[in-house]
Amino acid sequence: MDAILSGFERLHYIADRSLATAIYLVAKLRKPILVEGHAGLGKTEVAKALAAFLGTRLIRLQCYEGLDVSSALYEWNYQKQLLAIKIQEQSNQTVEEKERHVFSREFLLERPLLQSILAEDASPVLLIDEIDRTDEAFEAFLLELLSDFQVSIPELGTISAKHVPFVVLTSNRSRELGDALKRRCLYQWIDYPSFEKEMRIVRARLPGMEEELAGHVVRYVQAVRQLRLSKQPGVAETLDCAQALMALGKRKLDAEGVEETLGCISKSVEDSERVRTASGDLLIASTTGRSSET
């Protein structure tokens with residue numbers, strides 16, 4: 001686990017021991033891992049860091065509502081097939097031979113899931129990002145892949161992975177995932193970081209940032225998370241705010257800086273007004289580390 005912790009840190013990903021242990025078990029047991037947590041806390045970065053740490057390819061399937069098998073697994077290149085059929089019209093091949101040709105891998109458009117199965121050189125990292133955006137039917141389709149690391153294509157038969165991929169699924173918990181999917185996965189929850197951990201993340205990602213300003217930003221964002229917002233800022237928003245302040249030439253966080261970087265922290269007009277109303281208390285918290293009673 002120490003090797004994973006230090007390796008991820010060299011890649012500017014600050015992991016705790018529980019996550020490092022989970023990643024170790026993914027590698028040893030070759031089981032998928034489901035990583036859940038609020039948006040902007042580095043779930044997707046887990047897969048990116050793992051691929052870089054292992055020196056292997058990252059294959060990403062970005063999930064969305066309505067995602068189907070043809071977009072995730074494969075589809076046939078119909079235009080190329082029609083052209084091949086036209087060219088073969090005058091050939092002496094039998095119908096069966098022509099059919100085998102146009103339904104060969106030459107005409108197969110490989111989507112992320114199939115790409116992970118067909119990887120030739122080494123086990124890739126397969127990232128199935130925001131699986132909670134899909135429906136139960138797509139979850140059911142994934143079960144064969146996650147259980148046996150094989151897929152069935154009617155025209156070609158069953159294809160098994162030569163190199164079993166390392167699979168990372170992420171979820172923002174917009175809906176509850178099915179038990180069958182969860183049983184096939186290890187599980188890791190990523191929560192909002194402590195002040196110390198978030199400071200380490202800022203230092204790793206923004207090494208040129210002054211320590212005082214970094215402390216102000218982290219305390220400020222952590223105070224904002226105590227407000228009743230519709231979308232709490234994650235670590236991604238902390239880094240955005242910090243980078244914006246550096247770009248604006250700020251050496252400390254003040255009322256002007258809070259207003260100028262509000263769009264980095266708040267993602268709705270209602271949340272923006274809530275942050276503005278509490279800006280005085282937020283500035284006290286950012287500079288002293290204490291919350292002021294309102």
Checklist outcome for this item: Counting only residues that are β-branched (Val, Ile, Thr) and in contact with a helix residue (DSSP H, G or I) (Cβ under 6 Å, 6 or more places away or on another chain), segment 46-68 contains a total of 1
Checklist entry - Which residues, taken from segment 127-154, are of a type in the set (D, E, K, R), in a helix (DSSP H, G or I) and either in contact with a helix residue (DSSP H, G or I) (Cβ under 9 Å, 6 or more places away or on another chain) or in contact (Cβ under 8 Å) with a residue 12 or more places away in the chain (or both)? => result Asp132, Arg133, Glu136, Glu139, Asp148
Next on the checklist: Please go through (1) out of contact with any helix residue (DSSP H, G or I) (no Cβ under 8 Å at 6 or more places or on another chain); (2) of a type outside the set (Phe, Trp, Tyr); (3) touching a residue at least 60 places away in the same chain (Cβ under 8 Å) for Gly42 and return the number of the only condition it doesn't satisfy.
Outcome noted: (1)
Checklist entry - Hey, among Gly263, Gly215, Gly234, which residue is within 28 Å of Glu130 (Cβ to Cβ), crowded, with 17+ Cβ neighbours inside 10 Å, small (Gly, Ala, Ser) and outside the structural domain of Glu136 (by TED's automatic domain parsing)? => result Gly234
Next on the checklist: Take residues that are exposed (fewer than 15 other Cβ atoms within 10 Å of the Cβ) and of a type outside the set (A, V, I, L, M) and tell me which of the helices (runs of 4 or more DSSP H) falling wholly in segment 1-108 contain 1 or more.
Outcome noted: 2-10, 17-29, 69-72, 78-87, 95-102
Checklist entry - Hey, among Leu114, Leu169, which residue is part of a strand (DSSP E or B), under 24 Å from the mean Cα position of the chain (by Cα) and not basic (Lys, Arg)? => result Leu169
Checklist entry - Does any residue of segment 91-110 turn out to be within 26 Å of Leu41 (Cβ to Cβ) and not hydroxyl-bearing (Ser, Thr, Tyr)? => result no
Checklist entry - From the list Asp121, Asp191, Asp132, which one is loosely packed, with under 14 Cβ neighbours inside 10 Å, under 21 Å from the mean Cα position of the chain (by Cα) and not basic (Lys, Arg)? => result Asp191
Checklist entry - Only one of (1) of a type outside the set (Lys, Arg); (2) in a strand (DSSP E or B); (3) more than 21 Å from Asp179 (Cα to Cα); (4) in contact (Cβ under 8 Å) with a residue 60 or more places away in the chain fails for Ser123. Which number is that? => result (2)
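The values are calculated or read from the model by the stated rules, or taken from the named source; none is laboratory data. If you're wondering where the values come from, they're calculated on a predicted model, not measured in any experiment. Every residue, glycine as well, gets a Cβ built from its backbone with ideal geometry; the counts of neighbours run over all protein chains shown.
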